[in-house]
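Structure first, commentary second.
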């Protein structure tokens, strides 16, 4: 709360305990041209943290990855989130190419990304996104995995000394 107290024009609302009624599968609906898209609600943040690179993430990087995944889940599709354990520093989303989202997130950053953790809402189809992330100084990546080029992407992370974990959960908004 001390950090928020320093902000001008900020309103903070205190809410009591929030309880879920029942654990039922929830559906999300979106209107699309000529119809409606109905899909299961995404209730998981991650299924696992499977280390797939030669280097495992540090405890600090893991905390950053967890924070980034939480933000990633609620961001527009094709999102790349740069974060530390207590803050988001860059968001790139809504691009056709994951590497472009990686570049956009880095451009939006207002501070150094050296040592940042990165989360992706879906797998990296090519190594170029990892190469872009490496240029920023970020040191750990979380992604669902599942690309036919996973081995190529993992090799890119290894080349750059980046720790990578597969979560097994995608966070697409479509």
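Since every read-out is calculated from the coordinates, none of them should be taken as a lab result. A quick note: this is a predicted structure, and the numbers were derived from the prediction, not measured. Quick reminder, even Gly has a Cβ in these numbers, built from the backbone with ideal geometry, and neighbours come from all protein chains shown.
Ranked by the mean number of other Cβ atoms within 10 Å of their residues, highest first, the peptides 55-62, 130-137 come out as 130-137, 55-62. In a fully extended conformation the segment linking residue 159 and residue 2 would gain 52.4 nm over its present Cα-Cα distance, using 0.36 nm per residue. In a fully extended conformation the segment linking residue 63 and residue 148 would gain 27.8 nm over its present Cα-Cα distance, using 0.36 nm per residue. For region 67-174, the share of alpha carbon pairs falling in successive 10 Å distance bins from zero is 18, 57, 25, 1 percent. Report note on the peptides 142-152, 104-114: ranked by the mean count of other C-beta atoms within 10 Å, highest first, their order is 142-152, 104-114. Entry note, region 47-166: relative contact order of 29 percent, from Cα contacts under 8 Å with a spacing of 6+ residues.
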